[in-house]
Amino acid sequence: MHDWIRKRQGPDREAVTLRRGRIYILPTGLGVAFGVMLVAMLLGSLNYGNNLGLALTFLLAALGVVAMHACHRNLEQLVARPAGTEPPFAGQEAVFRIALANPGPLPRNDVEAVVAAATPPAHVPAAGEASLCLRVPTRRRGSIRLERVEIATRYPYGLFRAWAVLHPGMTSLVYPRPADQAPAPPQHAGLPGGGIARRGEDDFAGLKDYHPGDPPKHIAWKAYARADELLVKEFSGAAEATPVFDLADAPGADLETRLAVIARWILDAHARGVAFGLRLPDEELPPAPGDAQRARCLAALARFDAPAPDVA
Amino acid sequence: MSPERTENFRRLAWTTAGLAAALAPHLLRLEPWVAGFVLSVAAWRLVAERRGWRLPSTWVRGLITLGVTIGVIASYATITGLDGGTALLALMSALKLLETRTARDQTVLIFIGWFLCLAAFLYAQDVATAAWVLPTVWLLAAALLRISLRGGEGPALRPFRTTGAMLLKAAPVALVLFVFFPRFGGSFWGAPSSERAQTGLTEEMSPGDISDLTQNDVVAFRVRFEGDEPPPPRERYWRALTLNDFDGYTWRRGDSQSYHVPEVRHLGAPVDYTVTMEPTAQQMLFALDLVASWTPDLAYKSWDFSLRTRRPVNAVLRYDVRSHPEYRAGESLTGALENLSLQLPDGRNPRTLELARRMRAAAASDAGYLQSILDLFREQAFYYTLTPPGLALNSVDDFLFNTRQGFCGHYASAFTMMARAAGIPARVVAGYQGGDWNPLGGYLIVRQSHAHAWSEVWLPQRGWVRVDPTAAVAPERIERGFEAAFAESDALPGALRRESELLWQAGMVWDNLNAEWNDWVVQFDRAAQESVLSGLGFDDPDWRAFATVLAVGLGITVGILVLWLAVELRPRATDPAAAAYQRFQNRLARRGIERAPGEAPRDFAQRVRRLRPDLALPALAITETYLRLRYGPAPAAGDLRMLRTLVTRFRP
């Protein structure tokens, strides 16, 4: 069935309008119970020759029919679009965001995205947007792909469940899980000649203009207050002490353990606000401080010699 | 209270409200302890949710369930009947409330609520019940919507509004199903009725029974006459059954169905009419004396000229009858029937027997004797009263010699006994006498308060003759009804008094509504369906005709529903550029320049230029700006403002 839908619809990289042809609908358990109740009421009313009982039964049955169409319509013409991911560390949950835009004049209630578990349902206002935040557990480093996801709803009454299958092809990197404890990085790390390693914050050397990416803790707030310009404190020895973490230096029996150690080093260095670099056998990232560098380095670790993506 | 608890409380409040509305029609019918138990559990449960109390543990609930089950078995002999079943449903809802935690538990309560609505219709299908049940169904569905909502809850009453809109869309589909779903007119399993005695005549009569009934204004049946002309009041004797078995106090119908039906000669003009009777849980039908023919297969004519159905009448029933007010019935009397009609209990009412012997001896003939009994009632100090005193076990003795106050039943009982005591075959006939004419609907309303009892005696060469001893004491009762008979009395029940003309008219309007309701909705049966189908061109419709009409009807209504839902979904034309351009067109149209359907805006602008060269410049500017806004790759921010300004200044 999944393969059939996949073949029928093709991949959905971009925004997808949920049209009639791709919305499926079936009664829920509650809907089946409702049907059984209606049959019992029908038999009872016929048996007693009770016309108002029949009228009641038929009114509820018709309400069920309306509910079915309303449930189907609750998804119709919604526009679903991949809206980014938040890479996790292995073992944490990857976050896939799916934006739902509602071009129509009717609000949509209780729309959820389902892979293994469902997201909290979203209310998509008329002519508005809502975002579904799909959390998928990860096991190992590498990447995880959102192969297929159902956009589903049980609104109204929960008697029916309508759903549309998307193949968004979204992939989220999974960073290696940082080692809980890691030995300090080798002192020579990053120094081609193996020179002295000094911590980059020891000696104040002067002020320079702020550039995005400079660690916020180095901003000279006092100077800012005086001169109304952002300056960053420079420390002597920073250049020599900038660590470049090399996979070859990381201790550990296997690749994953060593990647975990490097991830720990990167987090520690980032937390201290110093610049750092990364050297992998096939990739080298020159030292830099800041969040972007952290993401770049962790992504390189996630990609390095990675296994085939897991499928969410 | 945490947001989650608030949410839970609100859900529970919706469900409980729906359930309470569904229970309301049953509260007075249920045993008081059942009603009390259910109501207190519902109240306790709401408070418990509000205050965050713990729900009873499994074994406490088990104990309660056990107690309640024993209670039901003790109070209701059976749980398969309507009363027991309803009580069980009500109690189940209460027990379920005690363990309700999740939304899923609550859906069970809503289903029970719908079943209680169905049960309400099994008890009564009148307008009032329907008017209560419809909003209840709505409320229950809204509660289901409310508890199934998981995201933001929105305005408090939105589930009610949304459900209302959906019921409106459901109505045409439901109507098609109601009209065309074939009625079988039978039952799959026995249709158990309410075990509780329904108000109305029963198969036995003790002193005081009928005067109790007269306090009751409930409609027993309604009659439409052919030609819309009812017979005169003195001919409105509606026979229900005869009472033949007397034990000195109570008259019973007796188990005596094996007599053959005596011959009847119908004289005079017939009266044709249609009776729509309310359920009685009895096997009797009502017909004017004396019935000649009736809706076949519905009933048979008993040896005492009453119509009897094969099954108790548990739903509103309509039937056609032809009666002849003038008749000769049963001119020859079989021995067995004679014995039955002369039977008297040994040693009971001795003073009456003695009186009968004396009076018979004094009279010249049987007829003279019967007349002397009526004279006795008329001339001596007998009183016709709605509130007669109770009678001793020898009820006729007590009535004739002590109390001398009685209602129709007392007189009929005494008269019949005295006839039998003198060797004249006689029996008590129970039924209704009279009826209120509803000028609005042109039909007769016969109420329980019209219940009456009279006598029937057998005389040689004349057969069975009706004698109404009440007429001797209170002739107004027969000719003009209760009001006349009790003109100066306060004892008349409130409903019978015409307190004001307005109220009386309102009552007639309401009754007419109920009568029409019975005719068009409650009694919409196979025959009515077939007449609808033949109106659609199906002569002699079979199951294929039903299937066709049902399928086509459903196809059309569901198609309309789908279209309706799709139209609601369509984005509304709120494009401000289009609105501004429309204003531009309107202004030109007022000057006689109209854009043809399908004419492109630029062509239209050229036409304007040719017709009114003075307007050429602004018209072209407006057109170009509009086209840029609607179809241009990237309209500038100021374009819309410019278009609006241009249109506002455009004065052709």
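What's the local net charge at B:GLU624, with K and R +1, D and E -1, over the other residues with C-beta under 12 Å away? Net charge in that neighbourhood comes out at +2. Remark: the range B:513-652 projects, on average over all directions, an area of 16.2 nm² (convex hull of Cα atoms). What is the distance, in nm, between label points placed 7 Å from the Cα along the Cα-to-Cβ direction at B:THR69 and at B:GLU4? With each label point 7 Å from Cα toward Cβ, the separation is 3.4 nm.
How large is log10 I(q)/I(0) at q = 0.12, 0.20, 0.25 Å⁻¹ when the Debye formula is applied to the Cα atoms of the range A:1-80, each weighted equally and without solvent? Treating every Cα as an identical point scatterer, log10 I(q)/I(0) equals -0.53, -0.91, -1.15. One way to sum up the overall shape of the range A:1-173 is the equivalent ellipsoid from its Cα gyration tensor, whose semi-axes run 38, 17, 14 Å, largest first. Once the GluC sites (Glu not before Pro) in DSSP loops with at most 12 neighbouring Cβ atoms within 10 Å are cut out of chain A, the longest remaining piece is A:15-228.
Taken residue by residue and averaged, Cβ atoms of other chains lying within 10 Å of the Cβ of A:35-43 number 2. Cβ crowding within 10 Å, taken as a proxy for footprinting-reagent exposure, orders A:CYS133, B:CYS117 from fewest neighbours to most as A:CYS133, B:CYS117. Estimated from the Cβ-Cβ distance and a Förster radius of 56 angstrom, the FRET efficiency linking A:GLU129 and B:ARG651 is about 0.85. Per-residue packing, averaged as other Cβ atoms within 10 Å, sorts the ranges B:610-618, B:388-396, A:261-269 into the order A:261-269, B:388-396, B:610-618, beginning with the highest.
Computed from the C-alpha gyration tensor, the three semi-axes of the ellipsoid equivalent to chain A are 58, 23, 15 Å, from longest to shortest.
Zone of A:THR28 (label point 7 Å along Cα→Cβ, backbone N under 18 Å): which residues in the range A:74-105? Zone members listed by number: A:74-76.
Entry for the range B:198-275 at q = 0.15, 0.17, 0.26 Å⁻¹: log10 I(q)/I(0) = -0.83, -1.00, -1.24, Debye formula applied to identical alpha-carbon scatterers, no solvent contribution.
When Rg and Dmax are taken over the Cα atoms of the range B:246-363, they come to 17.8, 52 Å.
Packing here is the average count of other Cβ atoms within 10 Å per residue, and on that basis the peptides B:550-559, B:407-416, B:18-27, highest first, run B:407-416, B:18-27, B:550-559. Taking chain A as a Gaussian network, Cα atoms linked when under 10 Å apart, which of A:GLN293, A:GLN181, A:GLN92 shows the biggest mean-square fluctuation? In this elastic network of chain A, the residue with the biggest mean-square fluctuation among A:GLN293, A:GLN181, A:GLN92 is A:GLN181. Normalised by 2.2 N^0.38 Å, where N counts its residues, the alpha-carbon radius of gyration of the range B:369-489 equals 1.11. From the Cα gyration tensor of the range B:73-182, with a ≥ b ≥ c the square roots of its eigenvalues, which class applies: rounded if a/c is under 1.5, or else prolate if a/b is larger than b/c, or else oblate? Taking the square roots of the gyration eigenvalues as a ≥ b ≥ c, the range B:73-182 is oblate. Taking other C-beta atoms within 10 angstrom as a stand-in for reagent exposure, B:VAL465, A:VAL165 fall in the order B:VAL465, A:VAL165, fewest first. Taking the convex hull of the alpha carbon positions in the range B:576-649 and averaging its projected area over all directions gives 4.7 nm².
Considering all different alpha carbon pairs of the protein assembly as shown, the Kirkwood hydrodynamic radius works out to 36.9 Å. Once the Cα atoms are used to define both axes, helix B:601-611 deviates from the longest principal axis of chain B by about 70 degrees.
Pairs of Lys residues in the protein assembly as shown are counted when their Cα atoms are under 29 angstrom apart and they lie 8 or more places apart or on different chains; the count is 5. In the range B:204-496, a dipole from Cβ-located charges (positive for Lys and Arg, negative for Asp and Glu) runs towards its positive end, and of B:ALA422, B:VAL275, B:PHE399 it is B:ALA422 whose Cα lies farthest in that direction. Between the helical axis of B:408-421 and the longest alpha-carbon principal axis of chain B there is an angle of about 30 degrees. Counting Cβ atoms of other protein chains within 10 Å of each Cβ in B:117-123 and taking the mean gives 6. You can think of it this way: the chain between B:ARG526 and B:THR250 has 95.2 nm of extra reach, that is 0.36 nm per residue less the Cα-Cα gap.
In this structure, A:GLU14 and B:ASP105 have a Cβ-Cβ separation that, at R0 = 30 Å, corresponds to a calculated FRET efficiency of about 0.10. The slack in the chain from B:LEU611 to B:TRP543, taken as 0.36 nm per residue of separation less the alpha-carbon distance, amounts to 17.7 nm. Rg and Dmax over the alpha-carbon atoms of the range B:204-496 stand at 18.3, 54 Å. Full extension of the segment from B:VAL218 to B:ALA600, taken as 0.36 nm per residue of separation minus the current Cα-Cα distance, would add 130.3 nm.
Per residue of peptide A:64-73, the mean number of Cβ atoms on other chains within 10 Å of the residue Cβ is 6. Using the Cβ-Cβ distance between B:ALA381 and B:PHE184 with R0 = 56 Å, the FRET efficiency computed as 1/(1 + (r/R0)^6) comes to roughly 0.40.
Remark on chain B: Rg and Dmax equal 36.3, 125 Å (Cα only).
Against the main long axis of the alpha-carbon atoms of chain B, helix B:82-98 sits at an angle near 40°.
The Rg/Rh ratio for the range B:3-153, using Cα coordinates for both the radius of gyration and the Kirkwood hydrodynamic radius, is 0.97. The residues A:LYS7, B:LYS96, B:LYS169, when put in order of fewest to most other Cβ atoms within 10 Å, stand as A:LYS7, B:LYS96, B:LYS169.
Any read-out appearing in this document is the output of simple, stated calculations on the displayed coordinates, not a laboratory observation. None of these values were measured; they are calculated from a predicted model. Quick reminder, even Gly has a Cβ in these numbers, built from the backbone with ideal geometry, and neighbours come from all protein chains shown.
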